Amino acid sequence: MTRASSPLKTILVTLLQEPLKVQSFAQVHCLLLTSGVTQDFSVLVMLAEFLASSQSPSSAYFTLKQTLIFPNPFLFNSLITVFTQTSSPQSAFVVYKYLVCDGFSEDKSTYPLVLKSCAKFSGIKEARQIHAAATKLGFLSDIYVQNALIHVYGLCNCYQDAGIMFDQMLVRDVISWSCLISVCVKGGLFGDALSLFSQMDVDPNITTLVSVLVACGRIGELSMGRSIHGLLLKNAAILGLIVGNALLDMYVKCESMDEARKVFEDLPVKDVVTWTSVISGLVQCKQSREALDVFHAMQASGMEPDKVVLPSVLSACASLGALDCGRWIHQYIEWKDIEQDVHIGTALVDLYAKCGCLEMALNVFHGMIYKNVLSWNALLGGLAMHEHGKVALSYFDWMVRTGLKPNDVTFIATLGACSHSGLVEEGRHLFASMLELYDVTPKIAHYGCMVDLLGRSGLVEEAYELVKTMPMRPDVLIWGAMLSACKTSGNVQLSQQIIGHLELEFSDSGVFVLLSNIYAANERWGDIPMLRSLMRKKGIKKEPGSSVIELDGRAHEFLVGEIKYPDQKEEILMILYILEKQMQIDGQ
DNA sequence: TGTCATTGGT
C-alpha cells in the first residue's frame, strides 16, 4: 500500500479530529482525494468515524463511498458502529439500507452491529428485516448474528422470538445464555432468568453472574445471591467495580444491610453507583438518618452526587422532615445544573409536601415538563396530609383529564384527602369509581381509608358494615381505624366487640394504645390495668416513641424520655402517661 | 473489525 507522506497525513488527521463545518470539511475531503492518503487504511477509519459523528447518514455514506477505490465492509461497519453510539442510532440502520440497495460491502460482522443499533432504538420492524436478509444470504448460521438476534428480540419485548432463536441454535455459547438471561432480567422475568441459569450447560462468565445477581436482588433470592458471591470470590481475589456494585445492590435489595455494608467497605474503588446503592438501600430499609450520614461521607470523599442518587437523598430528607438539607439539595441541583427529570421533580414535590411547604411543592410540580403517576401521587399525598381535600379532588380530576391512569396509591392519597377533610360523599363516590372506572381493585388499605373516612364523620355503623362485607380479612389497621371511630363517637359497646377480635388475634402495641385511649375517653380507668396485664401476658412491649429534629442540616433522632414533648407523638405520650399514672395508683 | 453486565421516587 502506498503510504502518504507523513506530514500531510498528520495535518489531515489533525483536521479530522477537529469539529469541522461541512464547508471546510469539503476542502479537507478534496485534499484527501488528491493526496493519495485515501489508500492509508488508518486514515480511512478516522474518516469513517469523523463522518458518522458529524454528518447525516446519507451524506456520511455517500462521502465514504466516493472516497473508496474499492468498497470495504470494514469501513462501512465503522460508520454503523459510530452511528449506533450517537443519540440517533436509527442512522446506523439507514447506512445498512444504503449498503443493501447498492448490493455490496456488507459482511457477516455488519449484522450484529446493525442489530445492536436496532436494540438501542427498539426497532423491531427493522430487526425482522435484518433477520430475513441474514437468513436469505446465509449469515444466520453465524453465532454472533444469532446472539445479537436474541438480544434485540428480548429488548423489544418479543420474548417468544428470542426463545425461538435460542431453541433453534445448534451450538450455544456463554454469550447466548447470557443474552437470554439478561433480556429476561430487563423484562422483569426474574424467575425465568434464574431457571435459565440453573440449566446452563456452559460455564457462566462474569457478565452472566452480574445479570443473575440483579435477578436475585429483585426477587429476594438471598441464598442464591450468596452462592454467586462465593463463586465470584473463588475466581477473583478483588471484585471489579461493576461486579462489586451488582453484588452490593443484590444485598441491598434483599435488605441484608450488614452484608451490603461489608461489600461496600471491601470495595477498593467506589463510584457514584456504589454510593447510590447503599444510600437508596438505607432509605428503603427506613434508615433515613444513616442514609444521610452515608451521603455526607460520599461528599466528603469527593464524589459528586448525580441525578440518580439525589432522589433517594431527598426521600431520606422527606421522611426525616430534614427540610434544610432538602432545600440545600434543591439549590445544589440548580447550582450544578443537574437535569431535573421526573425522578428529581417528584422527589422534590414529595419533600416539600411532607414538610408542609405546599406552595413550594406546587411550584416544583407545575414546573415539571413531564409528570408521571408518581409525581401526581406525591402532590396528592401532600394535599391529603395537610387537609386540602377539595384541592386534592380537583387535582385528581385534572390528572385523569391529562390521560394518566390513577393507580392504587393515587386512591390511597385521594381517599385520605377526603378523610382528612370530612368529604364523605366525595369519598364514597371515589371508592365506588375505583374498579368501575379505573380498573383498580380496592386493597385492604383502601378499605382502611373508607373506614377512617366514615369513622371520622361519625358514621361508625356504616364503617362497621363495610368491614363486615370486606372481601379480605380485616387487619390490625382496619380494627385500629374502627377503634378510633368508636373513640370519636364514644361507642363503647361496639368497641367491646372489636376488642374481642383484637385480644384473640393481634399483638401490636399500637392497638393497645388505641384501646387505652378509648377507655380513657370514656373514663373507664378501671379497665386500664387489665389492658396492661394483657399486654404483659402477650409479651408486648411498647416501642419507645421517637422524633427527629434537624440541627445545622443534620437530622437527630430522640427517643421518648430524651426530650419531653415530641409534638408528633403527643397523643401516644399522653396515653402512656395515663397508663403510668394508673400503675402508680395500683402500686399505692 | 461483530454478540451479553451495575444505581432512582409515592
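Rolling a 1.4 Å probe over the heavy atoms of the protein chains gives segment A:58-112 an accessible area of 44 Å² per residue. Per residue, the accessible area of segment A:186-280 comes to 49 Å², computed with a 1.4 Å probe over protein heavy atoms only.
Remark: segment A:405-482 carries 45 Å² of accessible area per residue (probe radius 1.4 Å; ligands, DNA and RNA excluded). Centre-to-centre separation between the Cα atoms of segment A:206-279 and those of segment A:463-499: 45 Å.
Taking the Cβ of residue A:131 as the center, what net charge do the other residues with Cβ under 13 Å away carry, scoring Lys and Arg +1 and Asp and Glu -1? Combined, the nearby Lys, Arg, Asp and Glu give 0.
When the Cα gyration tensor is reduced to axis lengths a ≥ b ≥ c, the ratio a/c is 1.5 or higher for segment A:338-416, and with a/b not above b/c it is classed as oblate. Counting only protein heavy atoms and using a 1.4 Å probe, what share of the accessible area of segment A:361-500 belongs to carbon plus sulfur, as a whole percent? That fraction is 58 percent. For the listed residue pairs A:354/A:468; A:116/A:270; A:116/A:307; A:270/A:307; A:97/A:120, the alpha carbons are over 25 angstrom apart in A:354/A:468; A:116/A:270; A:116/A:307.
What shape does segment A:36-187 take by its C-alpha gyration tensor, where a ≥ b ≥ c are the square roots of the eigenvalues and a/c under 1.5 counts as rounded, a/b above b/c as prolate, and the rest as oblate?
Taking the square roots of the gyration eigenvalues as a ≥ b ≥ c, segment A:36-187 is prolate.
Taking label positions 7 Å along the Cα-Cβ direction at both residue A:492 and residue A:299, the computed distance is 5.5 nm, reported to one decimal.
The values are calculated or read from the model by the stated rules, or taken from the named source; none is laboratory data. Computed from a prediction, not measured in an experiment: that's the story for all the values here. Note: ideal-geometry Cβ built from the backbone for every residue, glycine included; neighbour counts use all protein chains shown. Side chains are part of the model used for accessible areas, which takes the heavy atoms of the whole protein and leaves out ligands, DNA and RNA. Shrake-Rupley method; radii C 1.70, N 1.55, O 1.52, S 1.80 Å.
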